[in-house]
Amino acid sequence: MTLTTAPLENVQFGGPALRQLRNLVTAIPGPRSIELNARKSAAVPRGVGIALPIYVQAAGGGVVMDVDGNTLIDLGSGIAVTGVGNAAPAVVEAVTEQVNRFTHTCFTVTGYEGYVAVAELLNELTPGDHEKRTALFNSGAEAVENAVKIARHFSGKQAVVAFDHAYHGRTNLTMALTAKSMPYKSGFGPFAPEVYRAPVSYPFRDGNLSGPVAAARAITQIEKQIGAANLAAVIIEPILGEGGFILPAPGFLAAIAAWSRANGVVFIADEVQTGFARTGAMFASEHENLVPDLIVTAKGIAGGLPLSAVTGRADIMDAAHVGGLGGTYGGNPLACAAAIATIQTYRTTGLIERARQIEAVLREELEALQLLDPRIGDVRGRGAMIAIELVDPATQEPDAALTARVAAAAHANGVILLTCGTNGNVVRFLPPLTISDELLRDGISVLREVLAAS
């Protein structure tokens, strides 16, 4: 089947020749996207939704071009995946070279150097100078499941604690870990047992409770309801992603990690969304000087190819028996080639610093907008992972309806915006680290206009 698209003109899929500006030539979605969406509805189950039903033919820098020739500002990065851009030249070159060699052998059948090289890089880069091991998988959820498996095997215990507003994936175990019912859990139970939930530090919603006090509250609940003697692991996102880009108060994460270590509980940092330069550090744990026992990564790891990892203390990672970890596609050679190129791009092209610059631009624009619009209850986040929480200004109650209207209007005006939050009232900004300041400011100008009209 041949897919016809609008002429690419001078587009390079690596991005440099794709004009870096918002340009709409049809309504959003355009006729070709509407046609493709009709085909999607006939071929794909309705449970697989599309937030913005355009169909892409090229992307790079900070823009996405659809099949109708519209160019949209990308403030989503495929949910924090394309930190180095949608088709970074170094990634394209590395994958092209690898695909000409071989596409698959299954690492657990016959090994290859790429897998080992990625593991070595992650062992070097993740927090802590202790001896580490890394196992590779396909998705964030798969890596989270394996981190829990490893922690249970190492500790000989079964219980796992996750936190309010957490998101850890869509598989059975990770749905149990995830806090939000719709759309992730509703109707899909029963879920995996021995998963418990504790309160998280949420400064905007808990009266700016200090981090240590919020941690003491969580620890008290854990000790009373579960008991450290039964607890294999605590898992938390350093910035809670789907739950609303919640940045715990300073000291909360460190206190939970310290309690875990003192009580023989494996501390797992889920850095699927926060990892790889996204927050202005290679890993968000670094902002609080955290050294997790296990760290889970995915999304930004391989420039858009499916890859994830569990990296951690050698004694924990080596606890599972031979053959206990793995999978047919885990650490696919194409994804490993992409990851090596992607990680080197983060390290050598200033993208960590670029994330900090993006934060400065977003905060300047959004905090100025907050002064003018009391419906913006909070501006929060780190690096190129910033959010606004929209509320009823009189009550501070979440305003999910306003959030949905704002996102839809932004889409219609050529800006890809994502929402999140347990209450559906958070707009999140996850631009590729290759985006320009001009595009960022134009995107916020659209937000300003649609908020004023909403």
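The values are calculated or read from the model by the stated rules, or taken from the named source; none is laboratory data. Bear in mind that the values here come from a model prediction, so they are computed numbers and not experimental data. Cβ: placed from backbone, ideal geometry, glycine included. Neighbour counts: every protein chain shown.
Summary table
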| read-out | value |
| --- | --- |
| Qualifying residues in the stretch 236-263 (those that are touching a helix residue (DSSP H, G or I) at 6+ places or on another chain (Cβ under 7 Å) and part of a loop (DSSP other than H, G, I, E, B)) - the one farthest from residue 314 (Cα to Cα) | 249 |
| Members of the stretch 266-294 found to be of a type in the set (Val, Ile, Thr) and either farther than 20 Å from residue 178 by Cα or surrounded by fewer than 21 Cβ atoms within 10 Å (Cβ to Cβ) (or both), listed by number | 279, 291 |
| Among (1) among the hydroxyl-bearing types (Ser, Thr, Tyr); (2) out of contact with any Asp or Glu (no Cβ under 9 Å at 6 or more places or on another chain); (3) surrounded by fewer than 17 Cβ atoms within 10 Å (Cβ to Cβ), the one test that residue 445 misses | (2) |
| Residues (over 26 Å from residue 25 (Cβ atoms) and touching a residue at least 60 places away in the same chain (Cβ under 8 Å)) located in the stretch 377-418 | 377, 378, 380, 381, 382, 383, 384, 385, 386, 387, 389 |
| Selection from the stretch 212-261 of residues that are over 21 Å from residue 146 (Cβ atoms), in contact with a Cys (Cβ under 9 Å, 6 or more places away or on another chain) and surrounded by 24 or more Cβ atoms within 10 Å (Cβ to Cβ) | 244, 245 |
| Top-ranked residue in the stretch 128-160 [being touching a helix residue (DSSP H, G or I) at 6+ places or on another chain (Cβ under 6 Å) and within 13 Å of residue 270 (Cα to Cα); ranked as surrounded by the fewest Cβ atoms within 10 Å (Cβ to Cβ)] | 145 |
| Where residue 359 falls short, out of the listed (1) of a type outside the set (Ser, Thr, Tyr); (2) outside the structural domain of residue 219 (by TED's automatic domain parsing); (3) in contact with a His (Cβ under 7 Å, 6 or more places away or on another chain) | (3) |
| Inter-residue pairs, beta-carbon under 6 Å, first in the same structural domain as residue 200 (by TED's automatic domain parsing) and within 24 Å of residue 263 (Cα to Cα) and in the stretch 160-188, second among the basic types (Lys, Arg) and surrounded by fewer than 24 Cβ atoms within 10 Å (Cβ to Cβ), 6+ apart | 162/197 |
| The stretch 311-343, residues that are in contact with a strand residue (DSSP E or B) (Cβ under 8 Å, 6 or more places away or on another chain) and of a type in the set (D, E, K, R) | 313, 318 |
| Residue selected from the stretch 238-282 under the condition among the polar types (S, T, N, Q) and under 13 Å from the mean Cα position of the chain (by Cα), by the criterion farthest from residue 307 (Cα to Cα) | 279 |
| So residue 320, is it in contact with a Pro (Cβ under 7 Å, 6 or more places away or on another chain), assigned by TED's automatic domain parsing to the domain that holds residue 147, at pLDDT 95 or above and not polar (S, T, N, Q) | no |
| Selected residue [among the aliphatic types (A, V, I, L, M) and crowded, with 22+ Cβ neighbours inside 10 Å] from 118, 109, 99, 92 | 118 |
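Per-residue answers, yes or no, for (1) exposed (fewer than 15 other Cβ atoms within 10 Å of the Cβ); (2) of a type in the set (D, E, K, R); (3) out of contact with any Leu (no Cβ under 7 Å at 6 or more places or on another chain):
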{"site": "34", "(1), (2), (3)": "no, no, yes"}
{"site": "39", "(1), (2), (3)": "yes, yes, yes"}
{"site": "42", "(1), (2), (3)": "yes, no, yes"}
{"site": "48", "(1), (2), (3)": "yes, no, yes"}
{"site": "58", "(1), (2), (3)": "no, no, no"}
{"site": "69", "(1), (2), (3)": "no, no, yes"}
{"site": "78", "(1), (2), (3)": "no, no, yes"}
{"site": "83", "(1), (2), (3)": "no, no, no"}
